[in-house]
Amino acid sequence: MNTTELAERVATDTAIDTEDARKVIDGVMRAITAAALRGEEVALSGFGRFKVTDRAERQGRNPATGEPITIAAQKKLTFMSAKNVRDVLNPTTQPIDAAAD
């Protein structure tokens, strides 16, 4: 799903204009990005959280030549889904009690 498809889905689900839904989505993305630039965590209850993490400098290889290269340290925006989202994505096939039998 891309941003346009997401805006269409939001517009349908909320009975607002697709253009307005796109503006809301763009605003949310800007707010998350601005918070990340300030080093803040963004927690969306029931969905997950966005957090800036640091990645140390490390050694890698140029895939074309095989030569070793140094990959610079970077900041990275990570997302950790909420437990209920993980549960929906990874349903258990049997109850825990039944697994003990």
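We did not get these values from a lab; they are worked out from the coordinates using the rules stated. Given the structure is predicted, the values throughout are model-derived calculations rather than measurements. Note that we place each Cβ from the backbone using ideal geometry, even for glycine, and neighbour counts take in every protein chain shown.
If you average the C-alpha positions of the stretch 33-96 and of the stretch 1-32 separately, how far apart do those two centres end up, in angstrom?
Result: 24 Å between the Cα centres.
Would you mind counting up the charge near T18? Only other residues with Cβ under 15 Å from its Cβ, with Lys and Arg at +1 and Asp and Glu at -1.
Once positives and negatives cancel, what remains is -4.
Within a Cβ distance under 13 Å of V52, other residues only, what is the Lys/Arg minus Asp/Glu net charge?
With Lys, Arg at +1 and Asp, Glu at -1, the net is +3.
Using θ = phi - 60° and the Karplus curve 6.51 cos²θ - 1.76 cosθ + 1.60, what whole-Hz ³J(HN,Hα) does each residue of the stretch 53-68 get, with Gly and Pro shown as x?
Here the 3J(HN,Hα) series is 10, 9, 10, 5, 4, 8, 8, x, 10, 5, x, 7, 10, x, 6, x Hz.
Report the calculated FRET efficiency for E19 and K76 (r = Cβ-Cβ distance, R0 = 35 Å), to the nearest 0.05.
Efficiency for this residue pair is about 0.65.
If I model a spin label as a point 7 Å beyond the Cα along the Cα-Cβ vector, how far apart are those points for I32 and D54 in nm?
2.4 nm
Given contacts defined as C-alpha pairs under 8 Å and at least six residues apart, what's the relative contact order of the stretch 1-58, whole-number percent?
Reported relative contact order: 19 percent.
Dipole magnitude of the chain about its Cα centre, charges +1 at Lys/Arg Cβ and -1 at Asp/Glu Cβ only, in debye to the nearest 20?
It comes to approximately 540 debye.
Of the listed values (1) -0.30, -0.36, -0.50, -1.55; (2) -0.63, -0.72, -0.85, -1.22; (3) -0.29, -0.35, -0.47, -1.32, grab the one calculated as log10 I(q)/I(0) by the Debye sum over Cα atoms at q = 0.11, 0.12, 0.14, 0.24 Å⁻¹ from the structure here.
This structure yields the entry labelled (2).
Report the full-extension gain for the segment N90 to L44: residue separation times 0.36 nm, less the Cα-Cα distance, to one decimal in nm.
Separation in residues times 0.36 nm, less the Cα-Cα distance, equals 14.6 nm.
Under a cut-off of 19 Å between alpha-carbon atoms, report the lysines in cross-link reach of K51, not counting same-chain residues fewer than 8 places apart.
Partners found: K75, K76, K83.
Considering the chain as a Gaussian network with a 10 Å cut-off on Cα pairs, which listed residue, R58, R30, R49, attains the greatest mean-square fluctuation?
Result for the chain, Cα springs under 10 Å: R58 fluctuates most.
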